[in-house]
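See structure below.
The values are calculated or read from the model by the stated rules, or taken from the named source; none is laboratory data. Quantities reported herein were computed from a predicted structural model and do not represent experimental measurements. For neighbour counting, all protein chains shown are included, and Cβ atoms are generated from backbone atoms with ideal geometry for every residue, glycine included. Note: accessible area is taken over every heavy atom of the protein model, side chains too, but ligands, DNA and RNA are not part of it. Shrake-Rupley method; radii C 1.70, N 1.55, O 1.52, S 1.80 Å.
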6 protein chains.
Amino acid sequence: MFSVTVRDQFMVAHSFRGEVFGPAQRLHGATFVVDATFRRAYLDDDQIVVDIGRAREELGAVLAELNYRNLDDEPAFAGVNTTTEYLAKVVADRLAERARAGRLGEAARALDGIAVTLHESHVAWATYERAL
Amino acid sequence: MFSVTVRDQFMVAHSFRGEVFGPAQRLHGATFVVDATFRRAYLDDDQIVVDIGRAREELGAVLAELNYRNLDDEPAFAGVNTTTEYLAKVVADRLAERARAGRLGEAARALDGIAVTLHESHVAWATYERAL
Amino acid sequence: MFSVTVRDQFMVAHSFRGEVFGPAQRLHGATFVVDATFRRAYLDDDQIVVDIGRAREELGAVLAELNYRNLDDEPAFAGVNTTTEYLAKVVADRLAERARAGRLGEAARALDGIAVTLHESHVAWATYERAL
Amino acid sequence: MFSVTVRDQFMVAHSFRGEVFGPAQRLHGATFVVDATFRRAYLDDDQIVVDIGRAREELGAVLAELNYRNLDDEPAFAGVNTTTEYLAKVVADRLAERARAGRLGEAARALDGIAVTLHESHVAWATYERAL
Amino acid sequence: MFSVTVRDQFMVAHSFRGEVFGPAQRLHGATFVVDATFRRAYLDDDQIVVDIGRAREELGAVLAELNYRNLDDEPAFAGVNTTTEYLAKVVADRLAERARAGRLGEAARALDGIAVTLHESHVAWATYERAL
Amino acid sequence: MFSVTVRDQFMVAHSFRGEVFGPAQRLHGATFVVDATFRRAYLDDDQIVVDIGRAREELGAVLAELNYRNLDDEPAFAGVNTTTEYLAKVVADRLAERARAGRLGEAARALDGIAVTLHESHVAWATYERAL
């Protein structure tokens with residue numbers, strides 16, 4: 001199995017609801033350093049998993065929808081705790097949608113899966129992985 | 001599949017028995033930077049894999065039992081080479097025990113697995129992963 | 001010249017005023033990974049620059065005053081852009097105050113300087129250094 | 001499942017054929033920081049996955065065959081795009097060959113798999129994993 | 001003293017002349033991860049060292065002149081060994097030129113110095129620092 | 001000013017004397033990841049600060065004298081706390097000695113200074129810098 005990963009980042013404000021979150025119930029924020037991994041069983045004729053230029057662009061487009069925002073104000077996340085693990089799924093699902101829509105190129109239709117890791121600090125990160 | 005990882009560390013002395021270890025047969029030591037990963041198929045209602053505060057505390061408690069010690073003197077490791085891969089299993093098993101005992105919260109009973117990586121330097125690390 | 005550095009982090013929301021900030025004028029947030037460096041020309045009799053346990057505690061105390069907050073609501077920062085470089089100075093100055101107040105131990109009175117680096121992502125960071 | 005990883009690196013020139021590569025069609029180069037992971041279900045009697053000294057040596061030998069070269073001139077890669085994902089497979093396959101030839105020690109015959117990650121920069125890397 | 005650093009990268013082929021370089025006399029290549037640091041004694045009214053958006057753009061422009069090239073073919077480097085330390089100076093000097101030309105904004109005219117670090121691998125890097 | 005840095009590591013056991021060290025008074029150990037920096041105002045005719053091959057070798061030789069040892073048993077450190085900051089000075093001074101003895105090559109006699117950083121974990125490190 002092959003995979004290719006590209007790294008980018010976004011910066012948001014948000015707050016959490018629920019005692020389990022302690023002081024993180026207050027409005028605060030985070031930089032999320034994002035690793036998006038594209039998996040595929042075989043390389044194409046160019047010897048690539050995916051057009052890495054397009055992968056960067058599409059990841060950038062997905063993150064631009066989140067970057068420099070207060071997630072508490074985003075209708076898409078109304079009533080939901082935008083935890084690191086939840087946001088990893090949001091990014092992975094949005095990348096999957098773009099892959100299926102052909103935005104990563106025709107070859108990307110052969111992708112087997114996507115994994116997204118969001119690093120919230122040097123000591124904590126979360127991953128969501130899914131089939132394509 | 002979701003996962004959440006927290007990082008911590010411990011510092012020990014130890015020595016190894018067996019020619020394969022070369023100069024590491026002498027009493028020496030290591031800093032182990034520890035990444036503890038908790039896996040789960042679905043998020044709970046708070047949108048989390050595990051209460052990350054508790055995860056940190058329990059990881060800290062497991063590492064405190066090892067930290068600042070000469071592992072050659074620990075009865076738990078008598079006659080055993082405390083290699084990086086072996087210690088990764090020790091930490092993972094002790095975390096699993098605590099998860100099963102409910103110390104990571106009720107929700108943690110839904111965890112599917114644990115993986116522990118011990119970094120012994122910038123150029124070598126070992127991982128042990130297990131089901132829960 | 002000797003120095004010792006300890007790393008910790010805090011997570012805040014904030015917004016900036018001024019066209020130069022572009023989309024960062026919106027309420028957003030950041031994780032700041034903090035490296036606090038203590039400099040000293042000579043080691044003390046214990047062969048240390050500073051009691052590293054106390055250094056961690058005092059850094060932790062300084063960051064706890066900022067962590068999980070919306071800096072736009074903090075009276076201390078009213079009318080000020082809490083940029084990464086500005087916050088590096090805030091942390092350094094507050095550490096310096098604690099050092100002078102003896103909270104880092106008597107030996108710490110011999111410190112020559114403090115430098116604080118705030119990493120806002122894997123591709124951007126800022127430092128402020130000052131004498132003590 | 002256990003695994004042990006060792007890190008090393010090599011530096012090469014190469015060029016790519018195909019419009020998808022854009023400016024990387026020009027002769028350029030890369031440092032590849034290599035993580036070679038050896039997987040195994042059980043530890044041996046020494047409590048190790050593999051003799052890490054030998055693992056380093058064999059990885060070093062594999063990389064020495066590539067290091068400080070223009071891959072466009074290597075007969076082994078004639079007519080092939082030596083992408084990061086392709087080279088990850090080259091390194092993994094050559095390590096697998098050496099493992100099967102007994103160069104990693106007798107115990108290494110019990111290895112279940114090998115994974116090789118090549119980091120081409122701080123923001124892009126590729127992995128190939130295979131059974132043994 | 002304040003500083004702000006931004007990170008980017010470029011990938012080149014080159015060879016060295018001189019016995020001291022051993023196998024690096026062959027045509028090979030490198031990824032250079034670049035940290036460009038801008039120093040200034042005081043913050044401006046926006047509380048910044050430099051417009052970080054412009055700093056990124058200008059660094060990107062400087063690196064684009066080098067990226068995906070064989071430096072042996074660049075007239076600017078004819079007869080010169082493009083070592084890591086030499087290239088750090090090239091990048092710093094070109095950034096300094098742009099700062100003086102006003103491309104980093106008027107405020108950047110108050111910059112005191114620039115430092116550029118080029119990481120050639122996880123185990124080697126070089127820095128050049130200069131006044132402005 | 002130019003500098004070149006190379007990274008290596010060593011692993012030791014040791015214990016500390018003095019209440020300030022708390023549990024680190026027990027015999028324990030550490031991996032020290034070492035960054036050795038060589039500074040020089042001008043490059044030589046090869047466009048280098050120092051022969052990086054020799055720099056690696058000499059750093060390796062200095063660390064080999066410490067690696068896989070219990071520092072409490074080393075006559076050189078009798079009655080001394082081998083703290084991270086103290087060991088940074090030991091490594092820097094031994095490198096300086098070798099530079100002066102010509103082991104880094106004739107060109108290295110033009111070096112202006114050496115700095116050594118020892119990382120004891122992902123959250124703590126110490127540096128010693130000196131003239132040459």
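Tabulated results
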{"item": "Distance between segment F:1-31 and segment C:60-132 - C-alpha centres, whole angstrom", "result": "26 Å"}
{"item": "Residue order for E:54, C:39 - accessible surface, 1.4 angstrom probe, largest first", "result": "E:54, C:39"}
{"item": "Solvent-accessible surface (1.4 angstrom probe) belonging to residue C:35, in square angstrom, nearest 10", "result": "10 Å²"}
{"item": "Ellipsoid semi-axes in whole angstrom, largest first, where each is sqrt(5λ) of the Cα gyration tensor of chain E", "result": "30, 14, 12"}
{"item": "For chain E, calculated [θ]222 nm from helices alone, where every DSSP H run of n ≥ 4 adds -39500 (n - 2.57)", "result": "-7500 deg cm²/dmol"}
{"item": "Relative contact order of chain B, defined on C-alpha pairs under 8 angstrom at six or more residues apart (%)", "result": "30 percent"}
{"item": "For C:37-50, mean number of other protein chain Cβ atoms within 10 Å", "result": "4"}
{"item": "Pairwise FRET efficiency - residue D:64 versus residue C:61, Cβ, R0 = 35 Å, nearest 0.05", "result": "0.10"}
{"item": "For residue B:26, label point 7 Å along C-beta direction: distances to other copies, nm", "result": "2.5, 3.6, 5.1, 5.1, 5.9"}
{"item": "Label-point separation, residue F:110 to residue A:93 (7 Å along Cα→Cβ), nm", "result": "6.2 nm"}
{"item": "On Cα atoms only, tilt of F:52-64 relative to the major axis of chain F in degrees", "result": "20 degrees"}
{"item": "Label 7 Å beyond Cα on the Cβ vector: residue E:75 copy-to-copy distances, nm", "result": "4.0, 5.7, 6.6, 6.6, 8.0"}
{"item": "Where labels lie 7 Å past Cα in the beta-carbon direction, separation of residue D:1 and residue B:130 in nm", "result": "1.7 nm"}
{"item": "Cβ-derived FRET efficiency at R0 41 Å, residue C:45 paired with residue E:41, nearest 0.05", "result": "0.70"}
{"item": "Ascending list, in nanometres, of distances separating the residue F:93 label from those of the other copies (7 Å, Cα toward Cβ)", "result": "4.0, 4.0, 4.5, 5.4, 6.2"}
{"item": "Net charge, residue B:39 excluded, C-beta distance under 12 Å - Lys, Arg +1, Asp, Glu -1", "result": "-2"}
{"item": "Cβ-placed point charges (K, R +1; D, E -1), dipole of chain C about Cα centre in debye, nearest 20", "result": "120 debye"}
{"item": "Minimum Cβ-to-axis distance in chain F for the rotation onto chain D, with residue, whole Å", "result": "F:7, 6"}
{"item": "Cα convex hull of the protein assembly as shown - mean projected area over all directions, nm²", "result": "31.7 nm²"}
{"item": "Total accessible surface hidden between F and C, rounded to 100 Å², 1.4 Å probe", "result": "1400 Å²"}
{"item": "Efficiency of FRET between residue E:17 and residue F:103 - r from beta-carbon atoms, R0 25 angstrom, step 0.05", "result": "0.55"}
{"item": "1.4 Å probe accessible area per residue over the protein assembly as shown, in Å²", "result": "38 Å²"}
{"item": "Per-residue SASA entry for residue D:89, accessible area with 1.4 Å probe, Å² rounded to 10", "result": "70 Å²"}
{"item": "0 to 90° range, to nearest 10: angle between helix A:84-100 axis and chain A longest Cα axis", "result": "30 degrees"}
